[in-house]
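J.: Mind looking over this structure? Questions follow.
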Amino acid sequence: MAYRLATQLGLASCASPTGRFAILALDHRQNLRKELRPSDPDNVSFEEMVALKEAVVGALSEHATGTLLDPEIGIAAVAGNPPPVSRGLIVAIEATGFEGSPADRRSRVLDGWSVAKAKRLGASAAKLLVYYHPDAPGAADQERLVETVALDCAASDLALFVEPLSFGLDGQPLQGEERRRVVVATARRLTKLGCDVLKAEFPYDASVAEGPRWREACDELNEATAVPWVLLSGGVDDEVFERQVDTACRAGASGVLVGRSVWAGAATLSAADRDGWLATEGRRRLERLVDLVERAGKPWRERWLAARPVEQPAEGWYRGY
């Protein structure tokens, strides 16, 4: 047992005063190239990616409870105009993409980057994306990666968000009941390995019609998750995502970590049109999610303390910190 004072402060800075998360996700790298120029992603420049991230952060970060950025592009984009100091900053740890085959994907920490560097940068929390299927040959290796990064975060007293992304053993995206099974099993395994918040996929793909199965699957995911959890958007459109968020929060989620569902509509616009779109439609999408999370989401702290008991500092605590 430890104090984990900075971890608690970091999580609180990423949440609203009531303890719900509505975090803006902008850690995309290779996927961002496809958003900016769908017909020719390989020729998108570093400067174009920086410009979009700078515009999105400038327009939307003050309306979110925190911002998730990558060290390669995102931090460069905000170096001269960082998000508001009253909002949390989450920094990605992993390299983009995966190693291995599409049916046995392996994540890794970005070369030259570390939890300690994210802490030194001023991050409120770290985020680790890990490709995972409980039955894949590399599942144990992926679990060890989560454990290793979680231990590094504990040593730095830095909160850790873990984002598992599922895949089929045939290399294809998971659908229907198989996706539900894998998403729930993944939460059950990975949230016991030292993370502070789970950034979860919705347990059904968007083709499964809304109904009792949505709520039952989210209830099952909530029961399997040992720590607070938030929902990722996964690129679905904003209307579908809002319905998913409502279902997830009513089942026990503490909010959202949302990216493309909020800002992707601006990616292919001219600079002038992009700024106008972000200030109006992008802001409206984000604010609707903030309101929804505040109405239906579960505050993070009680569940986190149940999973991560901490000592109350006594006189002279700081000497051994």
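The values are calculated or read from the model by the stated rules, or taken from the named source; none is laboratory data. Note that the structure is predicted; figures quoted are calculated from it, not measured. A quick note on method: Cβ atoms are made from the backbone with ideal geometry, for glycine too, and the neighbour counts reach across all protein chains shown.
J.: Condition first: closer than 16 Å to E302 by Cβ, touching a helix residue (DSSP H, G or I) at 6+ places or on another chain (Cβ under 7 Å) and not basic (K, R). Now tell me which residues in segment 12-33 satisfy that.
T.: Our first condition is that a residue be closer than 16 Å to E302 by Cβ; within segment 12-33, this holds for 12, 15-21.
This time we only want the ones that are touching a helix residue (DSSP H, G or I) at 6+ places or on another chain (Cβ under 7 Å), so: 16, 18-21.
Scanning segment 12-33 gives S16, T18, G19, F21.
J.: Sticking with this one: Would you pick out the residues in segment 96-149 that are surrounded by 13 or more Cβ atoms within 10 Å (Cβ to Cβ) and either touching a His at 6+ places or on another chain (Cβ under 7 Å) or basic (K, R) (or both)?
T.: R105, R106, R108, K117, K119, K127, A139
J.: If I go through segment 297-312 residue by residue, how many of them are assigned to a loop (DSSP other than H, G, I, E, B) and at pLDDT below 95?
T.: Counting residues in segment 297-312 that are assigned to a loop (DSSP other than H, G, I, E, B) and at pLDDT below 95 gives 4.
For (1) under 30 Å from D135 (Cβ atoms); (2) part of a strand (DSSP E or B); (3) touching a residue at least 24 places away in the same chain (Cβ under 8 Å), each residue gets a yes or a no:
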| position | (1), (2), (3) |
| --- | --- |
| E62 | no, no, yes |
| P71 | no, no, yes |
| A76 | no, no, yes |
| N81 | no, no, yes |
| V85 | no, no, no |
| L89 | no, yes, yes |
| K119 | no, no, yes |
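One line per residue, one yes/no per condition, for (1) part of a helix (DSSP H, G or I); (2) modelled with pLDDT under 95:
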| position | (1), (2) |
| --- | --- |
| L231 | no, no |
| V245 | yes, no |
| A253 | no, no |
| V262 | yes, no |
| E287 | yes, no |
| L292 | yes, no |
| R295 | yes, no |
| A314 | no, yes |
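J.: What pairs can you find where one residue is in segment 224-241 and within 14 Å of L129 (Cα to Cα) and in contact (Cβ under 8 Å) with a residue 12 or more places away in the chain, the other is part of a helix (DSSP H, G or I) and of a type in the set (A, V, I, L, M), and their Cβ atoms are less than 7 Å apart, with a gap of 6+ or different chains?
T.: Within 7 Å, the pairs are L231/V245; L231/A248.
J.: Another question about this same structure. If you scan segment 26-40, which residues turn out to be assigned to a helix (DSSP H, G or I) and either within 19 Å of the chain's Cα centre (by Cα) or closer than 13 Å to G97 by Cβ (or both)?
T.: Pass one, segment 26-40, residues assigned to a helix (DSSP H, G or I): 30-36.
Within segment 26-40, Q30, N31, L32, R33, K34, E35 meet the criteria.
J.: On the basis of being of a type outside the set (G, A, S) and at pLDDT below 95, does D237 make the cut?
T.: Values: of a type outside the set (G, A, S): yes; at pLDDT below 95: yes.
Yes, satisfied.
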